[in-house]
Amino acid sequence: MIRSLLFISLLAGAVQASAQIAPRDSTGQSTLTIDQAVELARRNNPELQQILNNRINAHAAVRSAYGALLPTADASLSFQRQQGGQQIFSGTSLGARSNVNQSNYQIGFSYRINSATLITPSLQRANRDAVEADITGASETLRNNVRQQYLSSLQAEANADLQDSLVVASQQELILAQAREIVGSGTQLDVQRAEVALGLQRVQALKARNQVDIEKLRLFQQLGIAQPPNVKLVSQFPVTPTAFNLQDLIESARRQNPNVLALRSREHVADLNVRREKGEYSPTLSLSTGIGGYTYGYTNADFPVSQAAAQLDAARTSCIREEEVRAALNLSNQLAACNAMAFTPGDAQAIRNSNSKFPFSFTKSPRAISATLSLPLFDGFSREQRLQEAMASRSDARYSVKSKELALTADVTAAYLILVTAEKTVALQEQNAIKARQELKLVQDRYRIGATTFVDLTEARATYERSESDRITAVYDYHKAFAALESAVGHPLR
């Protein structure tokens with residue numbers, strides 16, 4: 001009677017263990033959808049942000065190319081102080097006994113243009129478009145990588161749930177083995193086998209949960225942010241029948257695949273670069289003009305006054321002598337005018353005012369304008385080298401486009417065929433998993449009533465584990481194949 005009661009209680013525990021799996025703590029749990037993950041990656045992924053920085057350089061290059069069509073301007077302002085003294089030039093003594101202050105300014109304008117200058121804006125615009133295509137391609141590549149890793153994390157989560165359910169099944173089998181031993185229909189060997197199987201299954205469940213954490217870490221590495229605690233991936237990916245036409249997919253990829261578009265943009269850039277290098281053989285027109293002024297003054301304001309007074313005295317003396325000679329010869333003379341020559345205080349003040357213009361009372365310099373038309377004849381074959389390099393780059397760009405278009409057809413076709421095969425595999429694995437689940441249920445019922453052995457039960461559970469694991473793998477292989485097809489085509493397909 002006691003054995004019967006104990007057997008019944010063990011059976012009740014087995015039924016309870018098989019009916020529930022211990023829930024995991026979800027306190028403070030945050031959720032993350034696939035769309036949120038892609039958006040986070042586009043905002044925070046370091047590698048994508050580096051590529052986005054190329055946009056700044058491209059826009060600056062366009063602005064600089066248009067700026068080259070405008071005149072350049074520069075301004076200068078200089079000051080100089082020279083110590084007074086005598087200097088000898090070609091045997092002549094020059095100089096002054098007073099220090100000299102000088103200042104001058106210059107505002108210059110210049111303009112240079114040739115055919116290469118006119119082509120450069122188009123070249124830089126094309127380069128900007130190529131950079132935008134590169135950014136689009138990098139963004140799509142990142143989107144595909146995030147989707148693949150998101151799916152890998154979900155697959156690891158599904159495998160971990162499977163292992164948790166198998167732990168519960170192993171606990172049930174241990175309870176059943178213990179119950180059968182109590183009533184005398186089982187052996188201690190069955191109990192030990194069940195204990196070993198439970199221990200092994202717990203190890204598998206532990207490894208599966210660890211793999212979930214690893215896959216999530218890799219996912220948030222792609223997103224470029226730290227992983228928050230207790231994050232749960234909530235997006236669902238149903239397996240739906242595919243209704244794509246392979247030829248339509250290939251044509252769509254040729255029109256919209258961002259990597260192909262980027263290579264075509266680079267080819268256009270290479271074409272314009274060849275035109276620009278050829279433009280270096282054309283004449284160059286250069287124009288320049290400017291305005292300027294200067295000041296010149298002595299630090300000792302009395303020095304130019306005394307110098308002017310001395311010069312006037314010398315001129316009056318010379319004039320008087322010459323006129324006295326004319327008067328002695330009874331010739332007409334201007335002796336009175338010579339005697340009237342005098343250095344007045346007004347003259348001295350005017351000289352002082354003229355000397356006080358330093359540093360900013362400039363006297364304007366005469367204006368000038370120059371125009372030069374130059375034609376390069378020979379520069380040591382540097383132009384020829386640059387032209388040949390540009391033509392080689394253009395050829396490389398054309399071959400890159402052709403290679404990518406050929407590879408695109410193969411990639412889209414392969415991805416489509418893999419998707420079709422994955423869809424059929426999912427259907428077959430679903431059937432296998434259903435049959436394995438039914439087999440396990442039947443063997444468990446037979447083992448419960450003593451109609452089969454523990455070895456048969458272990459084999460049935462192993463078959464169920466393989467079939468269920470294969471089903472999970474097939475489902476996520478289908479989703480990964482769909483994501484790979486979207487990546488090959490270059491845009492979302494749903």
Which one of Q227, Q172 is surrounded by fewer than 19 Cβ atoms within 10 Å (Cβ to Cβ) and either in contact (Cβ under 8 Å) with a residue 40 or more places away in the chain or touching a Leu at 6+ places or on another chain (Cβ under 8 Å) (or both)? Q227
Unmet requirement for R55, which otherwise passes all of (1) assigned to a helix (DSSP H, G or I); (2) touching a residue at least 60 places away in the same chain (Cβ under 8 Å); (3) over 19 Å from R143 (Cβ atoms): (3)
Qualifying position, being touching a strand residue (DSSP E or B) at 6+ places or on another chain (Cβ under 8 Å), in contact (Cβ under 8 Å) with a residue 40 or more places away in the chain and not aromatic (F, W, Y), among L287, L246, L272, L263: L287
Residue satisfying condition, being buried (at least 18 other Cβ atoms within 10 Å of the Cβ), of a type outside the set (A, V, I, L, M, F, W, C) and farther than 16 Å from S252 by Cα, within set T421, T425: T425
Please list, ordered by residue number, the strands (runs of 3 or more DSSP E) wholly in segment 84-142 having 2 or more residues that are modelled with pLDDT of 90 or more. 100-113
Of the residues R202, R180, which is modelled with pLDDT of 90 or more and out of contact with any strand residue (DSSP E or B) (no Cβ under 9 Å at 6 or more places or on another chain)? R202
Residues of segment 428-438 satisfying the condition of being open to solvent by less than 70 Å² (accessible area, probe 1.4 Å) and within 47 Å of the chain's Cα centre (by Cα): Q429, E430, A433
Taking segment 58-69 and keeping only residues that are open to solvent by 90 Å² or more (accessible area, probe 1.4 Å) and in contact (Cβ under 8 Å) with a residue 40 or more places away in the chain, one is left with Y66
Mind listing just one residue for me: the one in segment 230-280 that is in a helix (DSSP H, G or I) and of a type in the set (S, T, N, Q) and, of those, surrounded by the fewest Cβ atoms within 10 Å (Cβ to Cβ)? Q247
Conditions: (1) free of Cβ contacts under 8 Å to residues at least 24 places away in the same chain; (2) farther than 30 Å from V100 by Cβ. S282 meets all but one. Number of the miss? (1)
Output the qualifying pairs, or none if there are none: Cβ atoms under 6 angstrom, residues six or more apart or on different chains, first residue in segment 373-394 and within 17 Å of P283 (Cα to Cα), second residue among the hydroxyl-bearing types (S, T, Y) and surrounded by 12 or more Cβ atoms within 10 Å (Cβ to Cβ). S374/T284
Go through (1) touching a residue at least 60 places away in the same chain (Cβ under 8 Å); (2) touching a helix residue (DSSP H, G or I) at 6+ places or on another chain (Cβ under 7 Å) for V212 and report which single condition fails. (1)
Of the residues that sit in segment 439-466 and are among the basic types (K, R) and open to solvent by 50 Å² or more (accessible area, probe 1.4 Å), which one is modelled with the lowest pLDDT? R448
Only one residue in V269, V325, V260, V274 is out of contact with any Leu (no Cβ under 8 Å at 6 or more places or on another chain) and over 30 Å from T31 (Cβ atoms), so which one is that? V325
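The values are calculated or read from the model by the stated rules, or taken from the named source; none is laboratory data. Predicted model, so just to flag it, every value in this text is computed and none were measured. A quick note on method: Cβ atoms are made from the backbone with ideal geometry, for glycine too, and the neighbour counts reach across all protein chains shown. Protein only, heavy atoms only, side chains kept; ligands, DNA and RNA dropped before computing areas. Shrake-Rupley method; radii C 1.70, N 1.55, O 1.52, S 1.80 Å.
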